[in-house]
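Quick notes on the structure that follows.
The values are calculated or read from the model by the stated rules, or taken from the named source; none is laboratory data. Remember, it's a predicted structure, so these values are computed and weren't measured experimentally. Counting neighbours? That spans all protein chains shown, and the Cβs are built from the backbone with ideal geometry, glycine included. The accessibility values were calculated without ligands, DNA or RNA, using every heavy atom of the protein model including side chains. Shrake-Rupley method; radii C 1.70, N 1.55, O 1.52, S 1.80 Å.
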Amino acid sequence: MALADAVRDRGGKIITGLEVTRVRDLGTGVVALARDGTSVHADAAVLAPGAWLGRLAAPFGVRTPVQSGRGYSFSLPPGGLPTRPTYFAERRVVCTPLGDRVRVAGMMEFTAPDRPADPRRIEAIVNSVRDLLPSADLTHRTDEWAGPRPCTADGLPLVGPTRSPRVHVCGGHGMWGIALGPLSGKLLAESIVTGRRAAELTALHPLR
């Protein structure tokens, strides 16, 4: 919400509730076409739909697969759990205090991003930390959730232009999107506006 407000404060427009199914290069600009028939015109487009990136980017020459690597999480009452962010490296599980609860997250499941969550994955996380957190109440779980991380085969994001000078890509950050997304967006925006590609983005070219 804060990010959307920042866009609006700078004169931008936020459109919600649209499922974009196709982007077309018109030669002088681009148009995004939604499933309900809505169209949005712009000078340029940045494709950043996470694990669904391949669907929109493939027509513009992007051949590097972006696979959904889903992580699972749930929330627990704080009793018996770490009071600060804690990573159990051997079990690949993270505990993060959030207000009056603790978020427990882990897992890497390679599957379709739209596939329903598999409850066995939640149980696997619970079983992996049961002996590490003997005082925690692992039965009163809330907010059970699965989210698809956009993963590339070589582990590098896809940031930069496609074969269309008006269609750009920013995605494939895997588990590092929150940390690297702002920097990627800043460098990509600068390169779009100035026409000078940032050296840091050379290895991340979407057409590699």
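Some observations on this one:
- Hits in segment 25-63 - residues which are over 18 Å from residue 165 (Cα atoms) and part of a loop (DSSP other than H, G, I, E, B): 35, 36, 37, 38, 49
- Among the criteria (1) part of a strand (DSSP E or B); (2) charged (D, E, K, R); (3) within 30 Å of residue 192 (Cβ to Cβ), the one residue 13 does not fulfil is (1).
- Checking 162, 142, 83, 111 one by one, the residue that is of a type in the set (Ser, Thr, Tyr), open to solvent by less than 50 Å² (accessible area, probe 1.4 Å) and more than 30 Å from residue 27 (Cβ to Cβ) is 111 and no other.
- Residues considered: 206, 150. Of these, the only one that is assigned to a loop (DSSP other than H, G, I, E, B), under 17 Å from the mean Cα position of the chain (by Cα) and crowded, with 18+ Cβ neighbours inside 10 Å is 206.
- Verdict on residue 192 being in a helix (DSSP H, G or I), farther than 13 Å from residue 62 by Cα, out of contact with any Cys (no Cβ under 7 Å at 6 or more places or on another chain) and touching a residue at least 60 places away in the same chain (Cβ under 8 Å): yes
- Filter pass, residue 57 being open to solvent by less than 60 Å² (accessible area, probe 1.4 Å), in contact with a Gly (Cβ under 7 Å, 6 or more places away or on another chain), among the hydrophobic types (A, V, I, L, M, F, W, C) and closer than 23 Å to residue 186 by Cβ: no
Matching residues to (1) exposed (fewer than 13 other Cβ atoms within 10 Å of the Cβ); (2) touching a residue at least 12 places away in the same chain (Cβ under 8 Å); (3) not in a loop (DSSP other than H, G, I, E, B):
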{"residue": "121", "(1), (2), (3)": "no, yes, yes"}
{"residue": "127", "(1), (2), (3)": "yes, no, yes"}
{"residue": "135", "(1), (2), (3)": "yes, yes, no"}
{"residue": "182", "(1), (2), (3)": "yes, no, yes"}
{"residue": "200", "(1), (2), (3)": "yes, yes, yes"}
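- Pair list, Cβ < 6 Å and 6+ apart or interchain, from segment 71-90 residues that are free of Cβ contacts under 8 Å to residues at least 40 places away in the same chain to residues that are among the aliphatic types (A, V, I, L, M) and not in a loop (DSSP other than H, G, I, E, B): 78/102; 87/94
- Across segment 19-30, not a single residue is classified as under 26 Å from residue 134 (Cβ atoms) and surrounded by 12 or more Cβ atoms within 10 Å (Cβ to Cβ).
- Single unsatisfied condition, residue 61 versus (1) modelled with pLDDT of 95 or more; (2) on the phi < 0 side of the Ramachandran plot: (2)
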